[in-house]
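Inspection log for the structure reproduced underneath, given as structure tokens.
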Amino acid sequence: MKKFTLGLLSGIMLTASTTVIAASLDVTLFPAKYVINNNQVPLPEEYTSLNYNGHAYVPVRFVSENFGANVDYDSNLTKILINNEGLKFTAENNMKFGNLITYLAENKTKVSFMLQSDLDNVIGGNLYFYDDSAVLLSKISIGGEYKAGTSKIEGFAEEDVSNYKYVVLRIGMNLGKNYQPGQLTDQQRDEIAKNGLLKIGIPVNQVEKLGVKRSILWDIIKTSNMSSLDSAKLAEKINAR
């Protein structure tokens, strides 16, 4: 193992001035092999493992992503963001997505998430963000060619979506062709939503009162795999606004 000295710079804010303190750490290159879920995974050349004071310091992105997590870095707040909640949402074409990360960056919101496909695919669509009353906060457009498996998708929302509660991924292109559900008119979507809401037990008067919000509510319910009880509560909340 090769030993070297790592120069560490730490900045300390003191009122209006900044003091920079230099320190040195004795760090050893650690040529570890990684076995994740019983499979040996080679460490890419751009990553290095370190040994400091008997502790292994490993590349957080490499390890996290091999566990299926989404990893990002907020440089403004110097935060490493990791989401491994799982692909708990369902898009219109039944593709799973999730592990969303959002943070403010240059007056916009950086958005990243993981999307799973059973086959090589060319897709396009929009990811919508809603608050807890199903009010639209913003959206991002997605599109591109993705290999079978799980892919990371990134984009920027023009508005702050940090307080989002629900997301919906509407697909307009699937397998490189127009995706029929994504080509539905607003009237057709409304009719499908109305029938779906009635089928899961939302009272007729609530469904009628929802008006143009019917299709939004139905999309949220399907995307989040929401229970009938939670669906009814959300319908009441929307109508109470």
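The values are calculated or read from the model by the stated rules, or taken from the named source; none is laboratory data. Computed from a predicted structure; not experimentally measured. Glycine also receives a Cβ, built like all others from the backbone with ideal geometry; neighbour counts cover every protein chain displayed. SASA here: full protein model, heavy atoms, side chains in, ligands and nucleic acids out. Shrake-Rupley method; radii C 1.70, N 1.55, O 1.52, S 1.80 Å.
Structure summary
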{"item": "Any chance S162 is small (G, A, S), open to solvent by 50 Å² or more (accessible area, probe 1.4 Å), more than 16 Å from N94 (Cβ to Cβ) and under 20 Å from the mean Cα position of the chain (by Cα)", "result": "yes"}
{"item": "Residue match in the range 187-207 (condition: within 24 Å of L137 (Cβ to Cβ), aliphatic (A, V, I, L, M) and without any contact (Cβ under 8 Å) to a residue 12 or more places away in the chain)", "result": "no"}
{"item": "Members of the range 119-129 found to be aliphatic (A, V, I, L, M), part of a strand (DSSP E or B) and surrounded by fewer than 19 Cβ atoms within 10 Å (Cβ to Cβ), listed by number", "result": "V122"}
{"item": "Single residue of the range 93-118 satisfying the filter (open to solvent by 40 Å² or more (accessible area, probe 1.4 Å) and touching a residue at least 40 places away in the same chain (Cβ under 8 Å)) that is farthest from Y73 (Cα to Cα)", "result": "K108"}
{"item": "Counted residues, the range 69-89 - those being polar (S, T, N, Q) and open to solvent by less than 40 Å² (accessible area, probe 1.4 Å)", "result": "2"}
{"item": "Considering residues of the range 46-68 that are of a type in the set (G, A, S) and more than 18 Å from the chain's Cα centre (by Cα) only, the residue least open to solvent (accessible area, probe 1.4 Å)", "result": "S49"}
{"item": "Criterion: open to solvent by less than 20 Å² (accessible area, probe 1.4 Å), of a type outside the set (K, R) and more than 28 Å from the chain's Cα centre (by Cα) - qualifying residue of I238, I202", "result": "I202"}
